[in-house]
């Protein structure tokens, strides 16, 4: 009773958390439901402005104005007076010390005067000049004594131009030689420096001066008539009108929206729970499956809410990813129901819910039924292609119905469909993540594990060949039986390949690996039983070491259930008549099988092992053996915890008999040639 209460409490907490999370992240602003598209006709009656409102400029128009303002903006530069004075003083000092005998007094005065003129005009660095020319800027604002005035960049000197100007002071041969000896480059330093702070402040001031509105619509003025085409200007007016309406809605409207969202989300999640209770009750018994389904229900509406608040890209979200993964890990029916609930919840916040539900529902169904069983990575590419084509054809058909011309079809959305398909390809790596998080095992993983080149199976074939052959035979029997009764044949086949890997620790102690020598002959029965039973523990340890999935470990721990090592148990009783036997010494640790697949393996393992001891492989002997082994397991209660019926057991026995007759069929004797 306590276990059931805990399970119900867990389920309630999980799904209440899903409801609360979704409702918290759904957009809560009360939105006016007026739908219109540029280039399409107005679907409503004539619209007249009920109040005055400003018409906002489109983002494209604002961007054009901003670009024009930025292009016309002149950067600010400072004139550093101290740089020129320091350079002239430095030249005077150098002249009085080293140049007085090379450069005459008259030439010195000319150089000094030219330096002063150059620094008065201003020297700009080559990098700054190149940047200005690259931005097509012809003038700058030069700051002097806290005043700014425009200066053409052609009136400024560069270091090269300043040097050439100084060299032109005296073009005579003697004068030019004296100038070359004067190291004039040492006295030329840029004194026009970029003022980033003032330039940025001026740019921001100019941008802030741009008006966000292009005009005003007065109350009573006609906005648009019924059936009129929505052109660019009317589209902007309608957008401004809708935004103004949203601003005028009070807080109570927002609260009512939130209450409505909570009500609808709760109803949809509740309907999904009713489905699980009526049709997939077993999923509610496993916490990992409950958490997995809850995660799918929560993640995609939350992502859609975030996309809706941050931009226009809803159709890029690969909603088909959820049903594909649920189909792989659980079943197609649950995948469809989960997908339906996800898109209905998401439709509460989209602008055109009908088109959204139409697209996502058809694409989700197509994705589910294009992937009945995932065994190859390439199948994900097929699913993505099917989803893209489904989105495209459904949307194109809807646009043909609602549009009057092909020119009006929204072509940009087809790029979104393509990106949606690309993102859908990430289903495969996400599956690996979900396998680790929720302890699932996909068919792709099972296919990889059943490869004989896997390390454990290769070791089994080399070190315990008899056990390896036994595992192959058991896998064939179990897979055929699972296919007959509707079980997971791939899972039971893979589980059968690994169920006896614990025998790798002591292969010689198991009959199928012995070559005439029996090491049990010199051991007490209790010790022999302990060695035989220990292959379950050893198998689980190896499975843990090699990171085998939990589903495979279930086959290892349950394939003998709580049965006994009967050979040694009965032999011990025969040698100790009347003595009370400690049955725990001869009993496997269990537990008994708890799923159809583990039950099938338990039957197949016992039947295949026992069939090797038949003296003659006749149809009657095989049938009697199968009936005796399986009926004995049923009588001992091995399958009480399994979702398996007596009809399933009868079908399984029939498959075993047919398979064993085929495996052990007699061959004809070939005649010898008489001489």
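The values are calculated or read from the model by the stated rules, or taken from the named source; none is laboratory data. Since the model is a prediction, treat every value here as computed from it, not as a measurement. For neighbour counting, all protein chains shown are included, and Cβ atoms are generated from backbone atoms with ideal geometry for every residue, glycine included.
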Mind telling me which of the residues 358, 293, 273 ends up being surrounded by 20 or more Cβ atoms within 10 Å (Cβ to Cβ) and assigned to a helix (DSSP H, G or I)?
293
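Yes/no matrix, rows are residues, columns are (1) modelled with pLDDT under 80; (2) surrounded by 19 or more Cβ atoms within 10 Å (Cβ to Cβ); (3) outside any helix (DSSP H, G or I):
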residue	(1), (2), (3)
381	no, no, no
384	no, yes, no
390	no, yes, no
416	no, no, no
422	no, no, no
437	no, no, no
444	yes, yes, no
Residue check, residue 453 free of Cβ contacts under 8 Å to residues at least 24 places away in the same chain and farther than 25 Å from residue 318 by Cβ
yes
Let me confirm something: among 330, 359, 385, 371, which residue is in the same structural domain as residue 294 (by TED's automatic domain parsing) and more than 21 Å from residue 443 (Cβ to Cβ)?
359
Does the range 46-54 contain at least one residue that is modelled with pLDDT under 75, farther than 30 Å from residue 293 by Cα, surrounded by fewer than 16 Cβ atoms within 10 Å (Cβ to Cβ) and within 46 Å of the chain's Cα centre (by Cα)?
no
Can residue 609 be described as crowded, with 21+ Cβ neighbours inside 10 Å and within 48 Å of the chain's Cα centre (by Cα)?
no
It is to be established whether one or more residues within the range 459-480 are surrounded by fewer than 17 Cβ atoms within 10 Å (Cβ to Cβ), at positive phi and within 37 Å of the chain's Cα centre (by Cα).
no
Test: residue 509 is over 17 Å from residue 605 (Cβ atoms), in contact (Cβ under 8 Å) with a residue 12 or more places away in the chain and more than 36 Å from the chain's Cα centre (by Cα)
yes
Take the range 496-508 and flag every residue that is more than 8 Å from residue 475 (Cβ to Cβ) and assigned to a helix (DSSP H, G or I).
498, 501, 502, 503, 504, 507, 508
Got a sec? Which of 429, 353 is surrounded by fewer than 17 Cβ atoms within 10 Å (Cβ to Cβ), more than 23 Å from residue 448 (Cα to Cα) and free of Cβ contacts under 8 Å to residues at least 24 places away in the same chain?
353
Return yes when residue 461 is part of a helix (DSSP H, G or I) and touching a residue at least 24 places away in the same chain (Cβ under 8 Å) and no when it is not.
no
Restricting the search to the range 70-92, which residues are surrounded by 11 or more Cβ atoms within 10 Å (Cβ to Cβ), in a helix (DSSP H, G or I) and either at pLDDT 80 or above or more than 60 Å from the chain's Cα centre (by Cα) (or both)?
81, 83, 84, 85, 86, 87, 88, 89, 90, 91, 92
Could we say that residue 581 is in the same structural domain as residue 659 (by TED's automatic domain parsing) and either free of Cβ contacts under 8 Å to residues at least 12 places away in the same chain or within 16 Å of residue 657 (Cβ to Cβ) (or both) here?
no
